[in-house]
1. Per residue of the chain, what 222 nm ellipticity follows from adding -39500 (n - 2.57) for every DSSP H run with n ≥ 4, rounded to the nearest 500?
2. Would you mind computing, in nm to one decimal, how far apart the modelled labels at Q526 and R258 are, each placed 7 Å from Cα along Cα→Cβ?
3. DSSP beta bridges in the chain, what fraction antiparallel, as a percent rounded to 5?
4. FRET efficiency for R334 and A550, Cβ-Cβ distance as r, R0 = 41 Å, nearest 0.05?
5. Using the beta-carbon distance between M1 and L453 and R0 = 51 Å, what value does 1/(1 + (r/R0)^6) give for FRET efficiency, to the nearest 0.05?
6. For A39 and W305, FRET efficiency with R0 = 22 Å and r from the beta-carbon atoms, rounded to 0.05?
7. Can you tell me how the chain classifies by the Cα gyration tensor, rounded, prolate or oblate, using a/c under 1.5 as the rounded cut?
8. Once all Cα-Cα distances of segment 298-366 are split into 10 Å bins that start at 0, what whole-number percent is in each one?
Amino acid sequence: MNVVRVGEFAWSSIEPSEGHFELGWLDRAISLAATHHIAVVIGTPTDAPPAWLTTKYPETLGTNSDGHVREHGNRRQFNYANPKYRALCAQIVLQLAKHFGSNPDVIGWQIGNEDTDESFDPATKAQFQDFLRNKYKTLVSLNNRWSTAYWSEAYDRWNEIPMENSGGNPGLLLDHKHFVTETWRSFQLVQINVLRRHVSTRQFITTNIGGLGWSDNWDHYAMTKDLDLASWDDYVGEGHLDVSKNAMLNDFARGWKRQNFWVMETQPGSVNWAPINNSLARGETRALAWQAIGHGADAILYWQWRDALNGQEQYHGAVVGPDGKPLPLYPELRQLGEDFQRTSTALAGTNPHSDVVILHDYDSRWAIDFQPHTKLYDQQAVLLRFYKPLEDLVQSVDVIEANADLMQYKFVVAPSLNVISVKLAAHLADYVKQGGHLLLGPRSGMKDEFNALNPKRQPGPLASSLGGYVDQYYALEEEVPIGERQTGNVWAEDLIPTGADTHVDLRYGKTNDGWLDGQPAMISRQLGKGTISYLGTLPDDATMMRLLKAGVIAAGVKSIWGSLPDGIELCRRVGISGTVYILINHRSSLVQVPLPMPMHNLLDSDRGAIDRIDLPSQGIAVLTAEIPK
C-alpha cells in the first residue's frame, strides 16, 4: 500500500462550524502516512455537507423529481446547481488547497465522490429554462426542433417549459441530460478552478465515477475533459467477476480521456448494497485488480480500509476489521502489493494499444433508454454482445465516443448508434473513404441531434453512403431465423439495398408473422478505400463471432497471440521501453498456457526464460520478452 485517499466525506471534521477550519488532524494523518512511504490523495468533502450547513442554508438541499426536498442524514442531499452551495464548496476547497497545495506528500485531489443526483427545485428549473434559451435563442426554434405542435406542447414563454427526466417530450428529455451534464461539469469546475490557482502542478485532479462505471446520469466524456486523469470505482456486487463485462467497463473508462486511468475504489471481497453480499472467491480480488491494470489502470485503491464502527456502510467489505487487525482478505492484498513491487518498473509508461474500437455515444444511449421499445434492449448487454467476440478475436479493444478521431483504427464497430447528426455522418463516412471498415449495429441513425426522427430512414444521413436503408424495425417477441441454422433476437430490421454495388450479407428465414421473410438482415458496400456495413439484428453468439471474424480479417487486424485456452485472459501494455503481457486464469482449475516465444515472468523472475506456464485458478503471470533489469 503506497497511496491513501482521505477526507472525501469529512466536511464536518474539517469545518465543524461555518468559517472555522480544523486541519491539524489531517496534517497529522498525512505526516503519519508519509513515515510509512504512503502518498495521499485528498478528496474534497463536497459530497457530504455537514448538518450546520443544510440547517442554516436550506436552499442548498436538493429536490427529487417527485418534489420531495431531501433531508440531512445521508449524503448527496445537496443541490448541485445552488449558488450558495457552490460558494461554500469553493470556500472549503480554498482552505484545503492553500494548506496542502505544496505539501510534497499530497500527490493529487479527488473532486467530491461519485456525482449522481440532479435537483428539480424551482431555481434549478429556471436555470434549465435559461439553458434552453441560450441554446435555441427563440421559442420558434425550440418548438420546431421538439415538434411541440404534437399533443399541443407548444410553448409561448420560456418559463412554461417543464423539467422532466422521464416520460416527457424526447427533445426535452435529451436537453435535460445535456443540462445535467453541463451543470455537474460547472459544479466540478468551481473546485477545479480553485485548486489550479493554489496547488502544485505535480498534484493531479480527478474525480471517481461510480455507478459501476456505466451510469448515464451525465456524459462521462464531457465530465472528464477538465480533469488531469479519469478514475472509476470497480465493484462486482452480487456474485462473481463477469470477466468480459468488467474488461469492457475498464476499456470504457480508458476511453473517457483516451488514456490510462485510476481505480479509486475496488471491492475488497464484498460490498453491503447488493441483494446478496457474498465474498469473492480466494484469488478473485487479486485477479480483479490485475484485470484493471491489464486494461489500463495505473493505480488500484480500495474502499474501505477499516470497518466503520457506525454509519450506512458498516457491513461494507474492508481490509482490516473494526479492531484494526487484518481480515482474511489481507494476505491477498499484501501479495498484490508484492506483485506491484516486482512489476511497476516494467509497467511504467505503458498502455493498451488496439486496432479495433467500439463506438459509444451518450445521446444514443439516452435516446434509446427514453423510448426502449422493448424491455429486452439492455444497452450494456448489447454492447457486450459485440465486445466479447471482438475481445476473444483480437484480445484488445478500445471503447470511445463516436466523434473521436478514428484514423488509428482498422475496424470500427458502432452498436446502437441511434443518434447520428449530419456532422457525425460525415465524420464516419470520411473514415470509411480513407480506408476504414465500419460496422453499424441495430437502431443506428434513427434520430438526429435533437432526438427527432431523421427525415431519412435509418441510418439517416448515412443511408446514401451505405447504399441502403431500414424499411421497418421490429421489437421481437421470439427468435427469428437467419438463413437456415442461425437466429436473431430482441430486435430486427429489414434492410432495402438501393445501390447496384450494395451486397446482401445475411437474410432472414421464414418467420411466424411473415414480415421479415427473406428480407436482408445485413448489407455492406465499398465506399472509397473502405467498407460500410449495417447489421439489423442481434444474431446468436456463433453467428456474431463469424460476422465479426470476417470483419476483423477484412480489416487486416491480427490478434496479439492467437487462440488461448478457455478462461485465460490476455492483456497487453505497450511502451517505449518494451511490451508487457498479463495472463489471468479466471477458471477454477490449473491451466497450462503455451507462450509464443521464450518469456520472463516478472512475478517469478528467478526461473529465467520459459516457453509455457502453469497458471493455477485465479493465477497471474506478468510476462516480457526482454530480460528484466
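Please treat every number below as a calculation from the coordinates, not as lab data. Just so it is clear, the model here is predicted, and its values are computed rather than measured. Using ideal geometry, Cβ is built from the backbone for each residue, glycine included, and neighbour counts are taken over all protein chains shown.
1. Details: 16 runs with 197 residues, N = 629.
About -10000 deg cm²/dmol.
2. Modelled inter-label distance: 2.9 nm.
3. Working: 49 of 86 bridges.
Antiparallel bridges make up about 55 percent of those DSSP assigns within the chain.
4. Values: r = 47 Å, r/R0 = 1.14.
According to the calculation, E is roughly 0.30.
5. Values: r = 54 Å, r/R0 = 1.06.
Efficiency for this residue pair is about 0.40.
6. On the way: r = 15 Å, r/R0 = 0.67.
That pair, W305 with A39, gives E of 0.90.
7. Taking the square roots of the gyration eigenvalues as a ≥ b ≥ c, the chain is oblate.
8. For segment 298-366, the pair-distance distribution reads 15, 28, 23, 25, 10.
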